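Trainee: Here it is, the structure in full.
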Amino acid sequence: MQTIITKDGSQTLYSNQYQQSFHSLHGALTESKHVFIKGAQVESLLNSMSNAHILEIGFGAGLNWLLTASLAHKCKTQLVYTGLDQYIPNAELLSDLKYRDLVDEAFLNDTLINWRQQFPDIIPNGTYQLSFDHHCILNLCIDDIPSISLPQNTFDRIYLDAFAPKVNPKLWTIAFFQTLYDSLQSGGILATYSSAGDVQRGLIACGFSLTRRTGPPGKREVLSAKKPEFPHPL
């Protein structure tokens with residue numbers, strides 16, 4: 001694992017295991033803001049709700065979490081954020097990325113690093129809850145992601161930020177998409193950087209309606225997928 005400076009000045013990590021970077025080399029911060037924060041309409045969600053539940057598939061180094069939690073703090077919205085991954089980079093790597101400089105609430109990054117320092121390189125499988133203040137709770141689930149049980153009709157937004165389908169195919173199957181669909185609340189939105197044909201067809205097969213969006217630098221298209229809004233029973 002090594003740090004790389006991307007074209008917008010923010011840093012990312014390169015995974016030797018997957019032979020891929022965690023974010024676009026054209027700009028880690030730019031990609032996170034465009035694909036996930038904007039693509040999932042997070043700011044409008046946090047401005048319109050007193051509490052929100054967000055799920056991330058592929059927590060990685062936590063950039064999407066930091067941007068989302070910082071927004072929640074600004075909006076004074078209670079955020080419960082669930083991040084799923086098999087591996088969280090060690091505290092030294094998290095510190096080297098300097099993500100604390102990218103958000104207004106630097107304590108969010110510092111708290112995550114301090115928590116990570118408590119563990120060896122490989123964190124034991126399990127769910128770990130970090131409470132940052134009365135606005136933000138982070139639930140980190142460390143395990144083989146498809147084996148993690150997700151509650152139904154719970155999340156307002158999902159970030160699908162796993163490594164690419166060609167290197168991590170188990171997180172891009174119709175069966176996994178169905179699990180994500182079922183875990184979303186009515187009207188919830190899933191955002192992802194992948195616009196591959198198989199991904200589009202799989203999401204549609206599960207019931208999502210798709211919006212193809214212009215991608216960030218280096219990416220032609222990205223996707224937002226919405227679960228239909230079902231009427232409440234009388």
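The values are calculated or read from the model by the stated rules, or taken from the named source; none is laboratory data. Because the structure is a prediction, the values reported are computed rather than measured. Using ideal geometry, Cβ is built from the backbone for each residue, glycine included, and neighbour counts are taken over all protein chains shown. Areas reflect the complete protein model, heavy atoms only, side chains present, ligands, DNA and RNA absent. Shrake-Rupley method; radii C 1.70, N 1.55, O 1.52, S 1.80 Å.
Trainee: So, in the stretch 53-79, of the ones that are more than 19 Å from Ala28 (Cα to Cα) and under 13 Å from the mean Cα position of the chain (by Cα), which residue ends up surrounded by the fewest Cβ atoms within 10 Å (Cβ to Cβ)?
Mentor: Quick first cut of the stretch 53-79, residues more than 19 Å from Ala28 (Cα to Cα) only: 53-55, 72-79.
Checking the rest, the ones that are also under 13 Å from the mean Cα position of the chain (by Cα) come to 53-55.
Details: His53: 22, Ile54: 25, Leu55: 25.
Among them, the one singled out is His53.
Trainee: Now for a different question. For the stretch 167-234, please list each of the strands (runs of 3 or more DSSP E) lying entirely inside it that holds at least 1 residues being open to solvent by 20 Å² or more (accessible area, probe 1.4 Å) and of a type in the set (Gly, Ala, Ser).
Mentor: Values: elements: 184-192, 209-214, 221-226.
Once the strands (runs of 3 or more DSSP E) in the stretch 167-234 are filtered for at least 1 residues that are open to solvent by 20 Å² or more (accessible area, probe 1.4 Å) and of a type in the set (Gly, Ala, Ser), what remains is 184-192, 209-214.
Trainee: Separate question: Hey, among the residues in the stretch 1-32 that are open to solvent by less than 20 Å² (accessible area, probe 1.4 Å) and part of a loop (DSSP other than H, G, I, E, B), which one's nearest to Tyr159 (Cα to Cα)? So that I can check it myself, show each step before the final result.
Mentor: In the first step, residues of the stretch 1-32 are kept if they are open to solvent by less than 20 Å² (accessible area, probe 1.4 Å); the result is 6, 10, 12-13, 15, 23, 27-28, 32.
Those left that are additionally part of a loop (DSSP other than H, G, I, E, B): 6, 10, 23, 27.
Values: Thr6: 21, Ser10: 20, His23: 13, Gly27: 18 Å.
Per the stated criteria, the residue is His23.
Trainee: From the list Leu108, Leu94, Leu112, which one is in contact with a Phe, Trp or Tyr (Cβ under 7 Å, 6 or more places away or on another chain), crowded, with 17+ Cβ neighbours inside 10 Å, in contact (Cβ under 8 Å) with a residue 24 or more places away in the chain and outside any loop (DSSP other than H, G, I, E, B)? Walk me through it before giving the result.
Mentor: Details: Leu94 fails: in contact with a Phe, Trp or Tyr (Cβ under 7 Å, 6 or more places away or on another chain); Leu112 fails: in contact with a Phe, Trp or Tyr (Cβ under 7 Å, 6 or more places away or on another chain).
Only one candidate qualifies: Leu108.
Trainee: Output the residues belonging to the stretch 34-59 that are among the charged types (D, E, K, R) and assigned to a strand (DSSP E or B). It would help to see each step written out before you state the result.
Mentor: The initial filter retains those residues of the stretch 34-59 that are among the charged types (D, E, K, R), namely 38, 43, 56.
If the condition is that a residue be among the charged types (D, E, K, R) and assigned to a strand (DSSP E or B), then Glu56 is the only one that fits.
Trainee: How do the pairs read when you match residues in the stretch 124-142 that are farther than 11 Å from Val80 by Cα and at pLDDT 95 or above with residues anywhere that are buried (at least 18 other Cβ atoms within 10 Å of the Cβ) and of a type in the set (S, T, N, Q), using Cβ under 7 Å and keeping only pairs 6 or more apart or on different chains?
Mentor: That search, which allows pairs on different chains as well, returns Cys141/Thr82.
Trainee: Test each condition in (1) under 23 Å from Leu29 (Cα atoms); (2) open to solvent by 20 Å² or more (accessible area, probe 1.4 Å); (3) of a type in the set (Asp, Glu) for Asp156 and report the one that comes out false.
Mentor: (2)
Trainee: Give Asn47, Asn64 a once-over and let me know the one that is under 23 Å from Cys141 (Cβ atoms) and among the polar types (S, T, N, Q). Please lay out each step first, then the result.
Mentor: Values: Asn47 fails: under 23 Å from Cys141 (Cβ atoms).
None of the other options fit; the residue is Asn64.
Trainee: How many residues are open to solvent by 50 Å² or more (accessible area, probe 1.4 Å), at negative phi and not charged (D, E, K, R) when one looks only at the stretch 33-52?
Mentor: Taking the stretch 33-52 as the starting set, the residues that turn out to be open to solvent by 50 Å² or more (accessible area, probe 1.4 Å) are 33, 38, 41, 43-44, 47-51.
Narrowing the set further to residues that are at negative phi leaves 33, 38, 43-44, 47-51.
After this cut, where a residue has to be not charged (D, E, K, R) as well, the list is 44, 47-51.
Selection size over the stretch 33-52: 6.
Trainee: Sticking with this structure for a sec: Go through the residues of the stretch 148-158 one by one and say whether even a single one is part of a helix (DSSP H, G or I) and of a type in the set (Lys, Arg).
Mentor: Here is the first cut: in the stretch 148-158, the residues part of a helix (DSSP H, G or I) are none.
Checked the stretch 148-158: no residue is part of a helix (DSSP H, G or I) and of a type in the set (Lys, Arg).
Trainee: Go through the stretch 41-88 and give me each residue that's in contact (Cβ under 8 Å) with a residue 60 or more places away in the chain, within 18 Å of Asn109 (Cα to Cα) and not aliphatic (A, V, I, L, M).
Mentor: Within the stretch 41-88, Glu56, Gly58, Phe59, Gly60, Asn64, Trp65, His73, Thr82, Asp85 meet the criteria.
Trainee: Let me ask you something else. Report yes if Asp133 is acidic (Asp, Glu), open to solvent by less than 70 Å² (accessible area, probe 1.4 Å), more than 19 Å from Ala91 (Cβ to Cβ) and under 18 Å from the mean Cα position of the chain (by Cα), otherwise no. Full working, then the answer.
Mentor: On the way: acidic (Asp, Glu): yes; open to solvent by less than 70 Å² (accessible area, probe 1.4 Å): yes; more than 19 Å from Ala91 (Cβ to Cβ): yes; under 18 Å from the mean Cα position of the chain (by Cα): no.
Against the criterion (acidic (Asp, Glu), open to solvent by less than 70 Å² (accessible area, probe 1.4 Å), more than 19 Å from Ala91 (Cβ to Cβ) and under 18 Å from the mean Cα position of the chain (by Cα)), Asp133 does not qualify.
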